[in-house]
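The values are calculated or read from the model by the stated rules, or taken from the named source; none is laboratory data. Keep in mind it's a predicted model, so treat the numbers as computed, not measured. Positions of Cβ are generated from backbone atoms using ideal geometry, with glycine treated the same way; all protein chains shown enter the neighbour counts.
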Amino acid sequence: MEGKENTLEEILSGKFGCGCAKRGAPVYLRRGDVYGETERLSSLARGGRAALFASRGFLDKEGLRLEAAFAAGGAKAEQVAVRRRFDNAPENIGALFSFAEGARLIVVCESECYDVAAYFAALKKLPLLYIAFSPEADGVLAPAASVKIKGRPERIAAENPRYVIVDETLLRRADGGGAAAAFASLSAGLVSLIDYRVRGALTGEFCRESYNLVRGAIADALGAADKADMPVKLLESRLVVAAAENHTCGAVSGGGESAVAEMLESCGRIRLSAAERKFAAALMLLDLYAAYFSAPHGGLLSVPDYAARAKDLAAYTGYAEGEVLESILASAALADEEKLAPAKARLTEEIETLRGWSDRIAAVYRKLGGRDVFGNYTFAELKKAVSRAADLPSSFSVLTLMRESGALDMLANAP
């Protein structure tokens, strides 16, 4: 199925030609003037409070206008300042849990603050409104929200209704800073597509329509790079991907690039955003995946010390050691290369096709003003990140196959 056969509204609500039963949480799209639509959607919190989660810089710029829009609709907006990257900082934890009473709606306007808003909304089963002030939408509408609290990653299923406001006029005149990050986040999904296809071949759980939606959205973003309405197209493409993620309960996303990006968070000469880290990881993994599938590796000897790996990752990330070990053993049981063999030729062909997009993707990213993410990490940092990423909980990918075959150990020992 081609994505253009359905409107974005239909895709977001799961109304596309798919044989799967829709499983994602409800998503509603509103188009129009951002302040007018905010006023109308304030009905979700009428007579109560709306929590506006954003960075201090954003609130200084737009907070009062948004407060006025909510007030005109009969709701009180209360600003909740958080850091752009939610972590276990005391002020962030305080902001998250001090707003527990009387909230009827959670509002977020920045992609990098989405996780904390989504976590709180899911925890309290409140509707969540994302107001797109830029084309950035990394992680938006994800079926699960995750934050670090006191150093430990916490996840919660997001089954609450989500709303998105798209103001095309606002997006067209927005500064170009968000375009590179939006494109990076979107195109990094090529690796997730490969991993989703591999998991589908092993488990039988595969939605071809969702796969095609994501693949088409990335291609559309590439084609819109030189157009005047590029910021709008970037956001719409990212929302299409988000709909596929929501529909498949996240299975079509969260591939090896996300796991490697998580391991790279504290590495590098400069601290990159999550979208930039995923982008750098994706272009590297496309080559690594291609090399793995094209080279013989059946004769490698591998005796993984799972307990030692679980202990190392738990100490590095804050995950519970038992949780890591349980996940490693589950993914190891799934990594059956003989079962994958019938699909190997088609997989190899698709990987080479997607890998062929790499040069153009990198060129578009640079044209949009993206930072030099490729030289930010040493080879040693990349090797360690890839090795640890294979063991992250619930992150089965081609890296898992590489770990089980011994290919990952060969990479780790490379000079």
Can you confirm whether residue 130 is modelled with pLDDT of 85 or more, out of contact with any Gly (no Cβ under 8 Å at 6 or more places or on another chain) and either surrounded by 22 or more Cβ atoms within 10 Å (Cβ to Cβ) or more than 22 Å from residue 49 (Cα to Cα) (or both)?
yes
Among the numbered criteria (1) part of a helix (DSSP H, G or I); (2) surrounded by fewer than 17 Cβ atoms within 10 Å (Cβ to Cβ); (3) charged (D, E, K, R), which one does residue 372 miss?
(1)
Of all residues in segment 219-259 being outside any helix (DSSP H, G or I) and in contact with a Lys or Arg (Cβ under 6 Å, 6 or more places away or on another chain), the one that is farthest from residue 166 (Cα to Cα)
249
Got a number for residues in segment 172-209 being aliphatic (A, V, I, L, M), surrounded by fewer than 24 Cβ atoms within 10 Å (Cβ to Cβ) and at pLDDT below 90?
1
Would you pick out the residues in segment 260-272 that are part of a loop (DSSP other than H, G, I, E, B) and among the hydrophobic types (A, V, I, L, M, F, W, C)?
264, 267, 270, 272
Within segment 397-411, how many residues turn out to be charged (D, E, K, R) and either assigned to a loop (DSSP other than H, G, I, E, B) or closer than 14 Å to residue 329 by Cα (or both)?
2
Every residue from segment 100-159 that is part of a strand (DSSP E or B) and closer than 24 Å to residue 70 by Cβ
103, 104, 105, 106, 107, 108, 128, 129, 130, 131, 132, 145
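Yes/no matrix, rows are residues, columns are (1) within 30 Å of residue 204 (Cβ to Cβ); (2) in a helix (DSSP H, G or I); (3) modelled with pLDDT of 85 or more:
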| residue | (1), (2), (3) |
| --- | --- |
| 15 | yes, no, no |
| 19 | yes, no, no |
| 25 | yes, no, no |
| 28 | no, no, yes |
| 38 | no, yes, yes |
Of everything in segment 49-76, what is free of Cβ contacts under 8 Å to residues at least 24 places away in the same chain and under 16 Å from residue 110 (Cβ atoms)? Give them in sequence order.
57, 59, 60, 61, 63
Would you check if residue 354 is buried (at least 16 other Cβ atoms within 10 Å of the Cβ) and under 23 Å from the mean Cα position of the chain (by Cα)?
yes
Does segment 248-262 contain at least one residue that is surrounded by fewer than 24 Cβ atoms within 10 Å (Cβ to Cβ), farther than 18 Å from residue 111 by Cα, among the acidic types (Asp, Glu) and modelled with pLDDT under 90?
no
